[in-house]
Amino acid sequence: MTPQPQARVFSGIQPSGGLTLGNYLGALKRFAEQQGKVETIYCLVDLHAVTVWQEPEALRRQTRELAAGFIAAGVDPARSVLFVQSHVSAHAELGWLLMCVARLGWMNRMTQFKDKAGKNAEKASLGLYAYPALMAADILAYHATQVPVGEDQKQHVELTRDIAAKFNHDYGVDFFPLPQPVIEGAATRVMSLRDGTKKMSKSDPSDASRINLTDDADSIAQKIRKARTDAAPLPGSAEGLKDRPEARNLVNIYAALSGEPPDAVCARFEGQGFGVFKPALADVAVAQLEPITRRMTELMADPAELDRLLQAGADQADAIARPIVDETRRIMGMIPRR
Ligand code: TYM
């Protein structure tokens, strides 16, 4: 089998907590926009989530909530393959095979492991360490060519390319296409509302640092009003925000929500202070997020329907990944099961 020539998008999100504005702008919104242009496959990566402790009941709830978030943000199960990672055994199977291709030295360079394991890496799970090899399997099991992600996942997609290239080289085949990370737009790295040098994250202990997709209009407006900023007025172009991380973050969020370039946002608010800009940002944010939150709540009211959609997605995903993983085993010299 040769690499699929057609473009195919694959990406995933962990059901490890609520969705943030960072997940929405860096991933979900862009996932929805890809539909119709190319084949799109989106995955709820629960096997990745359990690399750190998850309360079983919470994981079940968060997985369905994430499915509702995908759909509410515009990912249409009729136009995209939407499924849960653990439902398709090809992921775990190819993950193992690729762990035997990836090198320890490569894994040791992964900054996300260092961040997540912290000082006590000895106590981290083996799964957390192997995490990027499973992520490579997610992507390569579909011969995906494009991987839309936020800036923080770039290193993992580059590792996926290294693993694919080493596999092709070692076995003398042209089997796995080398996927491209697609990191585009004004919000590839949405920062904390409390600290413009830190990523907005679902694991930040301060809820005021992030906007959650489940926040109501009042809390969105309040969090934006309280967001840290500086005293200077807005400059006429984005260039003037270079050394102003908090101001830059808010302008980038506005730009990503409204679909305008950051320069256009600056030009419109040039000379104005945050007393004017923040309420305008809150209006744009609420207008865009409120219908999503509402739709998520509606979808969550019918978990059986969500499960049905995810089951259908898993069947579609399995039909694509199964032959690719079978072929990987054959290339590696494993005899077929009769
Ligand atoms: P995860 O679940 O941490 O995040 C999901 C997506 O949201 C993006 N993101 C952000 N983008 C901009 N600003 C932020 N503050 C922000 N926070 C999160 C992430 O970059 C990501 O695109 N390892 C992945 C999940 C994964 C995956 C894959 C992705 C597993 N297998 C295969 C792509 C392809 C992760 O932990 O994402």
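The values are calculated or read from the model by the stated rules, or taken from the named source; none is laboratory data. Owing to the predicted nature of the structure, the values given are computational and were not obtained by experimental measurement. Quick reminder, even Gly has a Cβ in these numbers, built from the backbone with ideal geometry, and neighbours come from all protein chains shown. Remember, those area values only see protein heavy atoms, side chains included, never the ligands or the DNA or RNA. Shrake-Rupley method; radii C 1.70, N 1.55, O 1.52, S 1.80 Å.
Quick check: net charge around residue 131, other residues with Cβ under 11 Å of its Cβ, Lys/Arg +1 and Asp/Glu -1?
With Lys, Arg at +1 and Asp, Glu at -1, the neighbours total 0.
Working from Cα positions, state the angle (0 to 90°, nearest 10) between the long axis of helix 245-258 and the longest principal axis of the chain.
Value to nearest ten degrees: 80.
Per the helix-only calculation at 222 nm, which mean residue ellipticity applies to the chain, given -39500 (n - 2.57) for every DSSP H run of n ≥ 4 and division by its residues, nearest 500 deg cm²/dmol?
Rounded to the nearest 500, the figure is -16000 deg cm²/dmol.
Pop out the Kirkwood hydrodynamic radius of the chain from its pairwise C-alpha distances, inverse of mean 1/r, in Å to one decimal.
21.0
Between 261, 205, 148, where does the largest GNM mean-square fluctuation fall for the chain, given springs only between Cα atoms within less than 10 Å?
Looking only at 261, 205, 148, the largest GNM fluctuation is found for 205.
Let me know the whole percent of all Cα-Cα pairs from the range 207-297 that are separated by more than 23 Å.
Distances greater than 23 Å cover 21 percent of the Cα pairs.
Out of all DSSP beta bridges in the chain, what portion is antiparallel? Express it as a percent rounded to 5.
Taking every DSSP beta bridge with both residues in the chain, the antiparallel ones total about 10 percent.
All other residues with a Cβ under 15 Å from the Cβ of residue 337 taken together, and with Lys, Arg as +1 and Asp, Glu as -1, what is their net charge?
Local net charge: +1.
Can you bin every Cα-Cα distance in the range 250-322 into 10 Å intervals starting at zero and give me the percent of pairs per bin, rounded to whole numbers?
16, 29, 18, 21, 13, 2
Within 10 Å, count the other beta carbons around each residue, average over each peptide in 102-110, 28-36, and list them highest first.
Taking the mean over residues of other Cβ atoms within 10 Å, the ranking is 28-36, 102-110.
Provide the per residue accessible area, probe 1.4 Å, for the chain, rounded to a whole number of square angstrom.
Here the residues of the chain average 46 Å² of exposed surface.
Gaussian network model of the chain, Cα springs within a sub-10 Å range: biggest mean-square fluctuation belongs to which of 201, 258, 16?
Evaluated over the chain, the most mobile residue of the options is 258.
Run the quick spin-label model on residue 170 and residue 106: label points 7 Å from Cα toward the beta carbon, then report their separation in nm to one decimal.
Rounded to a tenth, the inter-label distance reads 0.8 nm.
At a 1.4 Å probe radius, carbon and sulfur cover how many percent of the accessible area of the range 1-145?
56
Please find, in a Gaussian network model of the chain (springs between Cα atoms separated by less than 10 Å), the residue of 169, 143, 48 whose mean-square fluctuation is greatest.
169
Using the basic label-point model (7 angstrom from Cα toward the beta carbon), what is the residue 178 to residue 198 distance in nanometres?
Computed distance between label sites residue 178 and residue 198 equals 3.7 nm.
Just order 133-139, 79-85 by mean Cβ neighbour count inside 10 Å, highest at the front, would you?
Packing proxy ranking, top to bottom: 133-139, 79-85.
Enter the angle in degrees (range 0 to 90, nearest 10) between the Cα long axis of helix 154-171 and the first principal axis of the Cα atoms of the chain, meaning the one along which they spread out most.
Tilt of helix 154-171: around 20 degrees.
Going down the table (116/223; 114/198; 154/242), which pairs top 18 Å between alpha carbons?
Cα-Cα > 18 Å for 116/223; 154/242; rest within.
For the pair residue 7 and residue 158, how long in nm is the line joining their label points, each one 7 Å along Cα→Cβ?
Spacing of the two 7 Å Cα→Cβ label points: 2.3 nm.
Cβ under 11 Å from residue 9's Cβ, residue 9 left aside: what net charge do those residues give with Lys, Arg +1 and Asp, Glu -1?
Net of charged neighbours comes to +1.
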